[in-house]
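Undergrad: Supplied in structure tokens, the structure appears directly below.
The values are calculated or read from the model by the stated rules, or taken from the named source; none is laboratory data. Keep in mind it's a predicted model, so treat the numbers as computed, not measured. Using ideal geometry, Cβ is built from the backbone for each residue, glycine included, and neighbour counts are taken over all protein chains shown. Ligands, DNA and RNA are excluded from the accessible area calculation, which covers all protein heavy atoms including side chains. Shrake-Rupley method; radii C 1.70, N 1.55, O 1.52, S 1.80 Å.
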Amino acid sequence: MKIKIDPVQFAPQVAFLYRWWVRSMRFDISGYENIIEPHKQGKPLMLALWHNELFSLIGLGFLEKLPLVTMASDSKDGQIITEVLERIGYEVARGSSTRGGLKAMLGVARVMRKKGKIGAITMDGPKGPRHEVKSGILAIAQKTGASIIPMRAYPSKPIVFEKSWDRFELPKPFMPCKVLLGEPFEVTEQKLDEDILASEARRLEAIMASMTPD
């Protein structure tokens, strides 16, 4: 007899392992004041990150107990991710750029407005192209009046999954990880037509590319 196992039931164990993993890492954070001061003043904020640096940066949000809301897909994999993220303190809006994206983006914007939470968006997720900003974060930022905080992670000697579309980086436990948070990025007040979206995306990509450790 074939026994069907629902992977969602392992979410508590995955969340436990993840919490242990990121607590073991030695984070060195620069620019954290770019989040704290505006958030204290009630300014809407969004953290902008690349998909390949997700493991480290989601962990930082957990360790610093930031009130974050993010997105996960409507798929079965998305359900597992949602279960794990909720167990480490995130609020999750379901959907993605390929399935139910508008619903999820509106969900993130609604939580930001009503609960004062900080949005956290992987700008090139869930399937790339790698390190190319999609329109979602720009649309949410303009809708909510949020500043975008560019965010990068540089773990020491990570395991890189070269065959994945984003070349995902898995940091090693107990190793240092440099995190950089840039100056707030303000989205134009102009109507976000195709040309303006492309221009704003390229501007944000250039800032992300310039954020490198010393």
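Undergrad: Over 15 Å from the mean Cα position of the chain (by Cα), modelled with pLDDT under 95 and assigned to a helix (DSSP H, G or I): which single residue out of Val22, Val14, Val84 fits that description?
TA: Answer to the selection: Val14.
Undergrad: Here's something else I'd like to know. Looking only at segment 43-73, how many residues end up being assigned to a loop (DSSP other than H, G, I, E, B), farther than 21 Å from Arg110 by Cα and open to solvent by 10 Å² or more (accessible area, probe 1.4 Å)?
TA: So the count comes out to 1.
Undergrad: Report yes if some residue within segment 161-168 is over 15 Å from the mean Cα position of the chain (by Cα), more than 26 Å from Phe185 (Cα to Cα), buried (at least 17 other Cβ atoms within 10 Å of the Cβ) and not hydrophobic (A, V, I, L, M, F, W, C); otherwise report no.
TA: no
Undergrad: Among the residues of segment 169-206, write down those that are buried (at least 17 other Cβ atoms within 10 Å of the Cβ), closer than 15 Å to Trp50 by Cβ and hydrophobic (A, V, I, L, M, F, W, C).
TA: Scanning segment 169-206 gives Cys177, Val179, Leu180, Leu181, Phe185, Ala201, Leu204.
Undergrad: Kindly list, by first and then second residue, each pair from a residue in segment 66-85 that is polar (S, T, N, Q) to a residue that is open to solvent by less than 20 Å² (accessible area, probe 1.4 Å), limited to pairs with Cβ atoms under 6 Å and residues at least 6 apart or on different chains.
TA: Taking only residues 6 or more apart or on different chains, the pairs are Thr70/Tyr90; Thr70/Ala120; Ser73/Ser96; Thr82/Ala72.
Undergrad: Of the residues in segment 169-194, how many are in a strand (DSSP E or B) and either among the charged types (D, E, K, R) or under 19 Å from the mean Cα position of the chain (by Cα) (or both)?
TA: Final tally of qualifying residues: 8.
Undergrad: Also: Would you please list the contacts, defined by Cβ atoms under 8 Å and residues six or more apart or on different chains, that run from a residue in segment 172-195 that is in contact (Cβ under 8 Å) with a residue 12 or more places away in the chain and at positive phi to a residue that is part of a strand (DSSP E or B) and open to solvent by 90 Å² or more (accessible area, probe 1.4 Å)?
TA: Phe174/Arg26
Undergrad: From the set of residues in segment 137-160 that are of a type outside the set (A, V, I, L, M) and outside any loop (DSSP other than H, G, I, E, B), which is most open to solvent (accessible area, probe 1.4 Å)?
TA: Result: Lys143.
Undergrad: Next question. I'm checking my understanding of the structure. Among residues of segment 100-127 that are modelled with pLDDT under 90 and part of a loop (DSSP other than H, G, I, E, B), which one is least open to solvent (accessible area, probe 1.4 Å)?
TA: Step by step, filter segment 100-127, then rank; the result is Gly125.
Undergrad: Oh, and also: Given the criteria touching a strand residue (DSSP E or B) at 6+ places or on another chain (Cβ under 9 Å), open to solvent by less than 10 Å² (accessible area, probe 1.4 Å), at pLDDT below 90 and at negative phi, does Gly95 qualify?
TA: For Gly95, the condition - touching a strand residue (DSSP E or B) at 6+ places or on another chain (Cβ under 9 Å), open to solvent by less than 10 Å² (accessible area, probe 1.4 Å), at pLDDT below 90 and at negative phi - is not met.
Undergrad: Now for a different question. In segment 22-42, what residues are more than 14 Å from Met151 (Cα to Cα) and of a type in the set (Asp, Glu)?
TA: The one that is more than 14 Å from Met151 (Cα to Cα) and of a type in the set (Asp, Glu): Glu37.
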